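> Okay, here's the structure, questions in a sec.
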Amino acid sequence: MRLCPEVNVLTKEELLRKAQIPAQLAMKYHPFYRGKVQVTLKVPVRSYDDFAIWYTPGVAEPCKAIRDNKELVFEYTNRANTVAVVSDGTRVLGLGNIGPEAGLPVMEGKALLFKYLGGVDAFPIVLNVTDPEEIIKVVKALEPSFGGINLEDIEKPKCFYILDRLRKEMNIPVWHDDQQGTATVTLAALINALKVVGKKINDVVVTLVGAGAANIAIARLIISAGVDPGKMRIVDTKGILYAEREDVDKLQFSDPWKYELAVKTNRDRVTGDIPEALNGADVVIAMSKPGPGVIKKEWVEKMTTDAIVFACANPIPEIWPWEAKEAGAKIIATGRSDFPNQVNNSLGFPGIFRGALDVRARTITDEMCIAAANELARIAEEKGLSEDYIIPTMEDWEVYPREATAVGMKAIELGLARIKMSEDELYEVAYNTIKNARELVHMMMREGFIPAPPE
């Protein structure tokens, strides 16, 4: 495994200091810029006479047209390109329940990624309510203003309930990136990792370390993609899940999503904890707590030949990549950019929403997520798969229009799109929208409208 040159020469202490640099710069840059996103204009203002067109009295005409046909709101306003990034601040990054105000910088960051990577106008909205029914009520009330909803950093198990309700009750895409985004990108990496080691998705034993929102969603999506649930082992804080575990019956009421997986996984009723769950496994997907040491080298040694290890906790993976490699793992992925094979949500949501918005999809289904994962995997395969390259990076910007096209075409196929386009037309729309968004940022930097950060 080829690690970055710095990884080969730096000590753990130096690695940790390097990992702290973004946090130090963040504390300098955030107060300098006072936020990461702003509203700017799409239309010309040639003189003050134009205000009569864009505002009163001229604006009354499109208002009356929309009154008579509500679908025209997507034609006469920016609604078709807008997403609300909504959080209650109860599960922010690895920080936990820090509240809505403290979560706002994250939501602004999400809006930045939406715009630069997907050309989507996203608005950060943090809520001063935490009750699931209140959140559902607020989000549903926002529907007339937005083309889609991105739920973010909401604690489990209520995040599952909120997502399921809103997907059923709203007529625009609702997405929870901690669930669907993580699952989509992980599936893409898994598809290609299995190609490299020459194993089939329906044959492998998959162990999931952690039973939070990410891994529950990953389990559901990779099962839809072909993983045999009976060969899956899920480890939570109490050990390996199985139907007869003494606390499982209580999950029917407190966490039915986890209960469903407890009943359908672990056909062989393997008991114990992480070491037992890894014994004989082909794949481990860890989305648990920062390491190192959450997964030990000697446990990886008990996995099968050509094992696949996804250790995705941040900032430190559950096991260092070089330790997993020394233990016999063939392919290792993490959530970090300074190691090969970064599993990063940002490869997913900008392109997926771009495609959903461009065809005005009514929802984002698992089939659309799988289409996005397959396209991500295909792009990496075209560039040449290896142990160190199983998934594209954010620098491969062609990922996003291609992913958008795959998602939009799947929505059309499923009958969920308000607009139908050919594959070429859809790609052109996505490509130009994303290209314009990126060039706008670069132009504003060149012209000084976005100043250089402080030294």
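No lab work stands behind these numbers, since they all come straight from the coordinates. Computed from a prediction, not measured in an experiment: that's the story for all the values here. Reconstructed Cβ throughout: ideal geometry from the backbone, glycine too, with neighbour counts over all protein chains shown.
> Between the alpha-carbon centers of segment 377-455 and segment 224-266, tell me the distance in whole angstrom.
Comparing the Cα centres of segment 377-455 and segment 224-266, I get a distance of 36 Å.
> Please tell me the relative contact order of segment 178-455 in percent, rounded to the nearest whole number, where contacts are Cα pairs under 8 Å and at least six residues apart.
After rounding, I find 17 percent.
> Let me ask another. With a ≥ b ≥ c the root eigenvalues of the C-alpha gyration tensor of segment 367-455, is it rounded (a/c under 1.5), prolate (a/b larger than b/c) or oblate? Walk me through the numbers before you get to the answer.
Numbers: a/c = 2.95, a/b = 1.38, b/c = 2.13.
Oblate.
> Against the empirical 2.2 N^0.38 Å scaling, what ratio does the C-alpha Rg of segment 306-384 come to?
1.34
> Along each principal axis of its Cα atoms, how long is segment 230-282 end to end? Whole angstroms, biggest number first, please.
So the three principal-axis extents are 32, 19, 15 Å.
> Can you pull a Stokes-Einstein diffusion coefficient for segment 48-151 at 25 °C (0.890 mPa s), Rh from Kirkwood over Cα pairs, as a whole number of µm²/s?
158
> Follow-up question, since we're still on this one. Please state, rounded to one decimal and in Å, the Kirkwood hydrodynamic radius that segment 382-432 gives when every pair of distinct Cα atoms enters the mean of 1/r.
12.3
> Using only C-alpha positions, report the orientation-averaged shadow area of the convex hull of segment 174-319, nm², one decimal.
Working: hull surface 33.4 nm².
That works out to 8.3 nm², a quarter of the Cα hull's surface.
> Something else: Mind listing the phi-derived Karplus ³J(HN,Hα) values for segment 36-44, rounded to whole Hz, using 6.51, -1.76 and 1.60 with θ = phi - 60°, and x for any glycine or proline?
Karplus-based 3J(HN,Hα) across segment 36-44 equals 10, 9, 8, 9, 10, 8, 9, 10, x Hz.
> For a quick check: with amide H placed at 1.01 Å from N, whose amide H comes under 5 Å from GLU155's, ignoring anything fewer than 5 positions away on the same chain?
Close amide H contacts, sequence-distant or interchain: THR90, ARG91.
> What are the trypsin sites (Lys or Arg not before Pro) within segment 12-100 that DSSP puts in a loop, where the Cβ has at most 11 other Cβ atoms within 10 Å? Before the final figure, lay out each step's value.
Details: sites: LYS12, ARG17, LYS18, LYS28, ARG34, LYS36, LYS42, ARG46, LYS64, ARG67, LYS70, ARG79, ARG91; in loops: ARG34, LYS36, LYS42, ARG46, ARG91.
Of the trypsin sites (Lys or Arg not before Pro), the ones in loops of segment 12-100 whose Cβ has at most 11 other Cβ atoms within 10 Å are ARG34, LYS42, ARG46.
> Hey, what D do you get for segment 263-324 in µm²/s if you plug the Kirkwood alpha-carbon radius into Stokes-Einstein at 10 °C and 1.306 mPa s?
Working: Rh = 12.0 Å.
Rounded to a whole number, D works out at 132 µm²/s.
> List, in order, the whole-Hz ³J(HN,Hα) value for each residue of segment 349-355 obtained from phi through the Karplus relation with A = 6.51, B = -1.76, C = 1.60 and θ = phi - 60°; use x for Gly and Pro.
4, x, x, 5, 5, 4, x
> In the chain, once you exclude exposed chymotrypsin sites (Phe, Trp or Tyr not before Pro) (DSSP loop, at most 14 other Cβ within 10 angstrom), what's the longest stretch remaining?
Looking at the chain, 56-448 is the longest stretch - no exposed chymotrypsin sites (Phe, Trp or Tyr not before Pro) with at most 14 other Cβ atoms within 10 Å.
> Rg (Å, one decimal) plus Dmax (Å, integer) for the alpha carbons of the chain?
Looking at the chain, its Cα Rg and Dmax stand at 22.7, 75 Å.
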